[in-house]
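Since the structure comes first, as structure tokens, the remarks are kept for the end.
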Amino acid sequence: MAIQLFVPTFHVEECLSEIRECLEKGWTGLGFKTVEFEKAWCEYTGLPHAHFLNSATVGLHLAVKILKQTYGWQDGDEVISTPLTFVSTNHAIMYENLHVTFADVDKYLCLDPEDVLQKINSKTRAIVFVGIGGNTGQWEKIVEIAQAHNLKLILDAAHMAGTRLHGETPGKEADAIVYSFQAVKNLPTADSGMICFREAEHDALARKLCWLGINKDTYARTAGKGAYKWKYDVESVGFKYHGNSIMAAIGLVELRYLDQMNAYRRQLAAWYDAGFKGYEDIIRPIPVAPGCESSRHLYIIEVDKRDELLMALNDYEIYPGVHYGDNTEYRMYSYAQGLCSNAHYISKRIISLPMHTKIDYIKLKNIVKSTISSIY
Ligand SMILES: *Cc1c(COP(=O)(O)O)cnc(C)c1O
């Protein structure tokens with residue numbers, strides 16, 4: 001039977017019972033389960049604020065927008081980011097008329113602190129760091145650089161639900177952390193995300209902006225008293241970015257299983273590592289940074305003839321993926337072509353092997369065997 005890259009596992013009966021609550025109560029929108037999920041997320045991560053959104057893409061946009069507006073960045077100011085990511089990361093910068101300055105990646109496929117330093121100039125305002133596959137890379141060095149150069153810091157944690165660094169949720173130094181609970185992420189819903197600001201004012205602003213700029217506070221004091229109940233002020237041109245109770249219901253259930261699922265993913269990764277041991281000349285697993293307990297959203301190897309390997313594995317009905325193509329090869333980011341040689345080189349050589357909780361030891365051994373024999 002075919003082995004896909006990602007197959008989400010849902011705890012169906014529990015999800016249905018949480019969703020049933022929404023349906024019976026007649027409350028599927030903003031509030032109710034979204035509030036419950038935000039509380040549960042803050043407790044789980046230890047982060048001070050969390051706001052539930054309809055995707056991580058909109059979360060990244062909100063993070064950039066709110067920091068730009070708060071700190072008075074100008075159009076054309078620069079944000080340093082990685083070419084090895086899903087385009088959401090970089091589009092979010094473009095939405096706000098800022099310039100994406102690409103810095104190269106390191107052996108973890110995350111931003112390389114050395115190259116980030118090279119890319120800082122008087123127009124640089126922020127760094128967006130992506131924890132590829134759940135890896136924390138050299139996050140702590142990036143934090144030091146951001147602090148030393150007075151730059152804001154956004155963590156694209158789309159792959160990092162449940163990742164720990166030295167036993168804790170990484171990113172507490174970031175101005176904003178954005179998680180994705182998209183359909184095939186390691187904490188799946190269907191489409192949703194979470195934005196976690198460090199500052200309470202940013203969190204409050206996000207709550208208004210993600211609901212069209214509506215502010216109910218002005219009338220909240222009189223809200224109980226009939227006539228003014230419907231009234232609200234609109235402070236700015238906001239967006240329809242908030243999440244809903246059906247997605248939150250699924251998220252609440254899957255959060256209960258997140259650590260268990262991630263532990264199984266790490267077991268799969270350990271089996272892959274063991275299977276490829278002795279083949280380092282042809283198959284090089286991308287390492288996890290020291291101190292990082294990765295969510296293992298991805299298991300990535302580096303090989304010489306990636307495209308041939310992909311085709312050969314497809315013949316075995318094994319369907320891996322690639323995370324990611326070099327973004328500077330896309331037409332709209334082509335202005336930066338050739339500036340990040342490591343990212344460009346590695347993006348032609350990486351392949352993400354199937355990684356999900358429906359793979360067992362037997363299937364995994366089969367993937368390992370097929371991979372090795374395809375290369376030889
Ligand atoms: C999936 C992903 C996103 C976008 O998440 P959505 O919830 O689908 O909007 C952003 N960044 C990275 C690195 C991703 O993998």
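Kindly state, to the nearest 0.05, the FRET efficiency for Ala200 paired with Asn366, given R0 = 56 Å and r defined as their beta-carbon distance. Given R0 = 56 Å and the Cβ-Cβ separation, E is 0.65. Note on Lys152: lysines with a C-alpha under 29 Å away, same-chain residues under 8 apart excluded, are Lys39, Lys65, Lys68, Lys107, Lys119, Lys123, Lys141, Lys172, Lys185, Lys208, Lys240. Here the extension length gained between Val322 and Ala263 equals 19.0 nm, from 0.36 nm per residue of separation less the Cα-Cα distance. Summing charges over all other residues whose Cβ lies under 15 Å from the Cβ of Ala174, with Lys and Arg as +1 and Asp and Glu as -1, gives -3. Only helical runs count toward this figure. For the chain, summing -39,500 (n - 2.57) over DSSP H runs of n ≥ 4 and dividing by all residues gives -12000 deg cm²/dmol at 222 nm.
In summary, the lysines within cross-link reach of Lys25, defined as a Cα separation below 17 angstrom excluding same-chain residues under 8 places away, comprise Lys33. In order along region 358-367, the phi-based Karplus estimate (6.51 cos²θ - 1.76 cosθ + 1.60, θ = phi - 60°) of 3J(HN,Hα) comes to 9, 8, 10, 4, 5, 4, 5, 4, 5, 5 Hz; Gly and Pro are listed as x. When only the Cβ of Lys, Arg, Asp and Glu is charged (+1, +1, -1, -1), the dipole of the chain relative to its Cα centre reaches about 760 debye. Note on Ser17 and Met94: the model spin-label points, each 7 Å out from Cα along the C-beta direction, lie 4.6 nm apart. Couplings 3J(HN,Hα) of region 55-60, computed from phi: 6, 6, 4, 5, x, 5 Hz, in residue order, whole Hz [Karplus 6.51 cos²θ - 1.76 cosθ + 1.60, θ = phi - 60°; x for Gly and Pro]. Ordering Pro287, Phe37, Gly162 by Cα displacement along the dipole of the chain toward the positive end leaves Phe37 in first place; charges were set at the Cβ atoms of Lys, Arg (+1) and Asp, Glu (-1). Expressed per residue, the C-alpha convex hull volume of region 259-375 stands at 130 Å³.
Listed values for region 11-16 are Karplus-derived 3J(HN,Hα) couplings in whole Hz (6.51 cos²θ - 1.76 cosθ + 1.60, θ = phi - 60°), namely 8, 4, 4, 5, 4, 4, and x replaces Gly and Pro.
Loop-located GluC sites (Glu not before Pro) in region 238-333 (DSSP state other than H, G, I, E, B) with a sparse environment of at most 10 neighbouring Cβ atoms within 10 Å: Glu280.
Along its principal axes, region 44-153 has C-alpha extents of 35, 33, 26 angstrom, given from the largest down. Per-residue extension of 0.36 nm, minus the Cα-Cα distance of Asp217 and Glu114, leaves a gain of 32.5 nm for this segment. Each of Ser81, Ala206, Tyr228 was scored by the projection of its Cα onto the charge dipole of region 9-256, and the greatest displacement toward the positive side belongs to Tyr228; charges sit on the C-beta of Lys, Arg, Asp and Glu. Suppose R0 equals 41 Å; then what is the FRET efficiency for Asp273 and Ala2 from their Cβ-Cβ distance, rounded to the nearest 0.05? Rounded to the nearest 0.05, the efficiency is 0.95. Annotation: amide H of Leu165 within the under-5 Å range of Glu293, sequence separation 5 or more or interchain, hydrogens built in the peptide plane.
For Tyr232, neighbours were defined as the other residues whose beta-carbon sits under 11 Å from its Cβ, and their charges (Lys and Arg +1, Asp and Glu -1) total +1. For Leu153, the residues whose modelled amide H falls within less than 5 Å of its own, excluding neighbours fewer than 5 places apart on the same chain, are Ile127, Asp175, Ala176. Just the number, please: Stokes-Einstein D of the chain in µm²/s, Kirkwood Rh from C-alpha pairs, 25 °C, 0.890 mPa s. Stokes-Einstein gives a translational diffusion coefficient of 113 µm²/s. Other residues within the sphere of radius under 11 Å centred on the Cβ of Ser294, judged by their own Cβ, net out at +3 (K and R +1, D and E -1).
No value in this document is a laboratory result; all are computed from the given coordinates. The structure displayed is predicted, hence computed values, not measured ones. All Cβ positions, glycine included, derive from the backbone under ideal geometry; neighbour counts span all protein chains shown.
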